1. Looking at Arg124, Arg109 in this structure, which one is of a type in the set (D, E, K, R), in contact with an Asp or Glu (Cβ under 7 Å, 6 or more places away or on another chain) and buried (at least 22 other Cβ atoms within 10 Å of the Cβ)?
2. So which of Tyr424, Tyr410, Tyr395 ends up being among the hydroxyl-bearing types (Ser, Thr, Tyr), touching a helix residue (DSSP H, G or I) at 6+ places or on another chain (Cβ under 7 Å) and within 30 Å of Val9 (Cβ to Cβ)?
3. Yes or no: segment 109-118 includes at least one residue that is modelled with pLDDT of 85 or more, in a helix (DSSP H, G or I) and under 30 Å from Leu324 (Cβ atoms).
4. Could you give me the residue pairs with C-beta distances under 8 Å whose first residue belongs to segment 141-155 and is in contact (Cβ under 8 Å) with a residue 24 or more places away in the chain, whose second residue is outside any loop (DSSP other than H, G, I, E, B) and among the acidic types (Asp, Glu) wherever it lies, and which are 6+ apart or on separate chains?
5. Which one of these does Gln225 not meet: (1) more than 24 Å from Leu331 (Cα to Cα); (2) at pLDDT 80 or above; (3) part of a loop (DSSP other than H, G, I, E, B)?
6. Against the definition (surrounded by fewer than 19 Cβ atoms within 10 Å (Cβ to Cβ), aromatic (Phe, Trp, Tyr), under 25 Å from Gly281 (Cα atoms) and touching a helix residue (DSSP H, G or I) at 6+ places or on another chain (Cβ under 9 Å)), how does Trp73 come out, yes or no?
7. Identify all residues within segment 429-460 that are on the phi < 0 side of the Ramachandran plot, outside any helix (DSSP H, G or I) and surrounded by fewer than 17 Cβ atoms within 10 Å (Cβ to Cβ); write none if there are none.
8. Counting residues that are surrounded by fewer than 16 Cβ atoms within 10 Å (Cβ to Cβ), which helices (runs of 4 or more DSSP H) fully inside segment 300-394 reach at least 2?
Amino acid sequence: MTTAAGVVVTNGIYELQEDLAASPFHSPDMAPVTRARRKWGMRDIAALWISMSACIPTYMLASSLIDGGMNWWQAVVTISLGNVIVLIPMVLNAHAGTRYGIPFPVYCRAAFGLRGANVPALSRAFVACGWFGIQTWIGGWAIFKILAVYFPAWETLPKPFLGISAPQLACFLLFWAINVLVIYRGIETIRFLLNIKAPLLIALGLLLLAWAHRQAGGFGPILSQPSAFVPGGPKAGQFWVFFFPALTANVGFWATLALNIPDFTRYAYSQRDQVIGQALGLPTTMALYSFIGVAVTSATIVIYGQPIWDPVVLLARMTNPAVLVISMFALCLATLATNIAANVVSPANDFAHLWPKRISFRTGGLITGVIGILIQPWRLVADPSGYIFKWLVAYSGLLGSVGGILIADYYLIRRARLDLAGLYRVDGPYWYSGGVNPLALIALLAGIAPCVPGFLATVADVPVLPVWVEMYHYAWFISFAVSLAVYVVLMRAFRRA
């Protein structure tokens, strides 16, 4: 144990000794986690990733690659490579959370300033609100399919509510209310749900794989489905055109958690626990569950003559009501656990960071829930191409830029050394100019700028040169690299000693 100015350091873990409760930028939710409150070991971190990776959006991402023309091994390799890439910034950003016990918005203060940190925090929060809405829609959709077994007339009702029917809206809001209730129960309830959910959804996925194996006549017909990109195929010669945006989408899939992973690793016992736990939990589970997704989707081509990329739609075709109800219930429970952990913890902290003395974690969670409704998530997952190009790739450009700045600041500028008390002081080293670091904002805009023309062309059909569309396919990589480089150059040139 060593003692530094205002902190006690034990085995690389910093504990703040100074009382900063009077600071307007301090609150119980934003304060560093003490060693006594750290209860997440390697097993818990691995379970976190197993639980979050074994989810319906993972299945849908994998199956959408099959729908886009890939065969099974091309899809699995693309997903595995994307997750190995995103694991790197994930582990790097997690270091600050474990060492200093700080949440993501406070981590952002070192680079962006105490007030400027709201820019990356809210950017991440609004993306999480979209994901919250998507997961809530999936859970509500599953409830609807369960009830439709007993009320089949629901399937043919008109859809006057922005493209959905009254029963669909009611089921969506019911599942939304369950999510909000869990938020009010707190972080330990979330950890409990994650630990029971992980084996549940993996078991459901393996059962679905076994069903596909039996119905399709073995793995031979399933895995022999050809790629649409081979010579003579409907998309011959277009593999690389689809591969790179698909890879970017897979990186973007967890680009949100790559930023706010300190929200979880602040509870870890040690750096060893967070590094090994993440390395064991994320890539392996994503590879397994993506294989289930691509194999089952390939099997639907054999069984039904067309790919069915939505597992809820596939499960709804089961003829045995008991099997359908049990499967959908398991899916609802699993989706609930993933949704709360992946899509509520971070934005709840991010919104609380706006006004620490007035907005609590619970209030931030409620704000997340309301935005999740307003975003109309059923439109985001209406088709696989929109899911990849208009959602995953689009926000990856924004979050890649934030990630480049945070890693540049923490490792290249500060060498992983932060003034813990200074992260909460108005007169501290991270106040910059009125609480905002303008150099970080310039670097942020510089990273996003190259992706904007391609985004407008893809989302709004704005005519642009083809080179901008090509660059958009690499959105996360370009924004990450540009922001990192610009931030380092600016900080070394203009930062005051």
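The values are calculated or read from the model by the stated rules, or taken from the named source; none is laboratory data. Just so we're clear, the structure is a prediction, and the values are computed from it rather than from any experiment. Backbone-built Cβ (ideal geometry, glycine too); neighbour counts: all protein chains shown.
1. Residue meeting the stated conditions: Arg124.
2. Only one candidate passes the filter, namely Tyr410.
3. Looking for residues that are modelled with pLDDT of 85 or more, in a helix (DSSP H, G or I) and under 30 Å from Leu324 (Cβ atoms), one finds none in segment 109-118, hence no.
4. Short answer, once both residue conditions are applied: Ala148/Glu155.
5. The number of the failed condition is (2).
6. Against the criterion (surrounded by fewer than 19 Cβ atoms within 10 Å (Cβ to Cβ), aromatic (Phe, Trp, Tyr), under 25 Å from Gly281 (Cα atoms) and touching a helix residue (DSSP H, G or I) at 6+ places or on another chain (Cβ under 9 Å)), Trp73 qualifies.
7. Pro429, Ser433
8. The helices (runs of 4 or more DSSP H) meeting that bar are 321-343, 361-374.
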